[in-house]
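Throughout, read-outs are computed from the coordinates displayed, never taken from laboratory work. Quick caveat: nothing in here was measured; it's all calculated off a predicted structure. Neighbour counts run over all protein chains shown; Cβ positions are idealised from the backbone, glycine included.
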Amino acid sequence: MNQADTEIITAILTEGGYAPAEDEHSADMVLLNTCAVRANAVDRAGNVLSHLKGMKRRRKGLVVGLLGCVPQYEREQLFSDFPFVDFIVGPDNYRDLCGIVRSVRDGVRQQSRIDYDQQETYAGIEPVRASRISTFLPVMRGCNNHCAFCVVSVTRGRERSVAFDRVIAEVTGLEKAGYREVTLLGQNVNSWRDAGKELDFAGLLEGVSHAVPSMRIRFTTSHPKDISESLVRVIGERPNLCNHIHLPVQSGSSRMLDLMKRGHTREEYLDKIAMIRDLVPGAAITTDLIAGFCTETEEDHRQTLSLMEAVGYDTAFMFYYSVRPGTWAARNLPDDVPEAVKKARLQEIIELQTAMSRDLYQREIGKTVEVLAEAESKRSPSKLMGRTATNRAVVFDRKSFKPGDHVQVRITAATSATLSGEAVSPEVSKSAL
Ligand code: SAM
């Protein structure tokens, strides 16, 4: 979402007459778009800020702005911690950016725009997109869930959806511009609604799928309690809806899920997985996991490991718990799992997932899969990198293929994170599109 926001911010600044600099050394202004979801991300922003402090001392007139979720919840306190920061802007206030920069240059420092705006979806702003092949389209912003550990509802405010007709207009424009893939984004994307049209996210996916039949469609992130049978059915039925579902579970213990205020039990989650396996055979399922949430016991942790084995995730984003100020857990629960235990449990989770991913990827060897080529491989200019509909990364010999091509690739080798193989045909497979 921050990547998509940065594309919107770039569009707003470009419209205001600014242009991206080659690098930070030649820039007149440095903006840092921040994430507050884990302490680690906030610490990293702090490290970059310390570096910018030195730059600002050396270069007179350099403007430094802090954007996104960190200023939204730390508010004006940030100016006490980092007095050299010229302005802060929260996720709902990017339209004010050019005006703020102008007044900073006129000498008005330490400005803040951190009001929540329940209506703001940045509709009508055409993002400056980083890729020409695969791109993001935010279709809702904010989150009403209030999971005990999560700061998102504090930093990004309440849910609001982009209207159905606008989403359809946006994806149609992307298809015309030559994009081959779009990821519909939302903090809690499957609670998207268009009340006027009485449509839910299943209706949106179906509409988008028909509107842009030549494009692959992905979405993230889904909440397990909102993943309905009608939604899973439409993914199974429509060929251009990618058969990959990211379904964060956080913990395999019902006791933990209850404390986390996730709104479902382990059993209910496993029932949803069974429904997905039944209605979308071959679907890749990925997840997010948190080790060491408040009061987590060794037995709770074992249940997370056993749930991972029961589901057989393709991959996972894995974290250890860090308290986020302003959340329900920060106010009401003890952060009582020692850091060393959190890290040891996370390590076990990572090792199990890596082994399972490696097994799963090894089983792909010998199969031919369809890959949407995205870019040159970072390791070798003679290779291209792309993804399967199941979101598995595949590297293959470039030959005469180019980014944007759908390529049939026979898999010859695998690690726990990447498949590699030989292109066997440039044909676009109708079954995978
Ligand atoms: N919307 C998603 C959901 O409802 O599951 C959550 C998206 S969140 C921005 C990304 C992931 O960060 C979460 O799924 C969770 O695993 C992790 N996360 C959030 N808060 C955390 C915290 N306080 N400590 C550690 N990990 C956290």
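Looking only at the chain, where both bridge partners belong to it, what percent of the DSSP beta bridges are antiparallel (to the nearest 5)?
Working: 24 of 60 bridges.
Looking only at bridges with both residues in the chain, the antiparallel portion is about 40 percent.
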If you take the charge dipole of region 1-105 about its Cα centre, with +1 on Lys and Arg Cβ and -1 on Asp and Glu Cβ, which of Val37, Val63, Thr10 is farthest toward its positive end?
-> Val63
Might you list the cysteines of the chain that have no disulfide-compatible partner by the rule of another cysteine's Cβ under 4.7 Å?
-> Cys35, Cys69, Cys98, Cys143, Cys242, Cys294
Out of Gly236, Val128, Leu257 - ranked by how far each Cα lies towards the positive end of the dipole of the chain, with unit charges on the beta-carbon of charged residues - the top one is Val128
Which value in nm describes the separation of the simple spin-label points at Ala417 and Ala211, placed 7 Å from the Cα toward the beta carbon?
-> 3.5 nm
If you add up the charges near Val369, with Lys and Arg at +1 and Asp and Glu at -1, over every other residue whose beta carbon is less than 9 angstrom from its beta carbon, what do you get?
-> +1
Across region 134-360, how many lysine pairs, 8 or more apart or on two chains, come within less than 30 Å at their alpha-carbon atoms?
-> 12
Under a cut-off of 22 Å between alpha-carbon atoms, report the lysines in cross-link reach of Lys383, not counting same-chain residues fewer than 8 places apart.
-> Lys367, Lys399, Lys402
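Between Thr172 and Asp271, how high is the FRET efficiency from 1/(1 + (r/R0)^6) when r is the Cβ-Cβ distance and R₀ = 41 Å? Nearest 0.05. Could the numbers behind the result be given before it?
Values: r = 36 Å, r/R0 = 0.89.
The calculated FRET efficiency here is 0.65.
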Taking the Cα centre of the chain as origin, work out the dipole magnitude from +1 charges on Lys and Arg Cβ and -1 charges on Asp and Glu Cβ, in debye rounded to 20.
-> 940 debye
Using modelled backbone amide H atoms (1.01 Å from N, in-plane), which distant-in-sequence or interchain residues come within less than 5 Å of Val394's amide H?
-> Gly386, Arg387, Thr388, Leu419
Which peptide among 104-114, 35-45 comes first, and what is the full order, when sorted by highest mean count of other Cβ atoms within 10 Å?
-> 35-45, 104-114
Which whole-number percentage describes the relative contact order of the chain, with Cα contacts under 8 Å and a sequence gap of 6 or more?
-> 11 percent
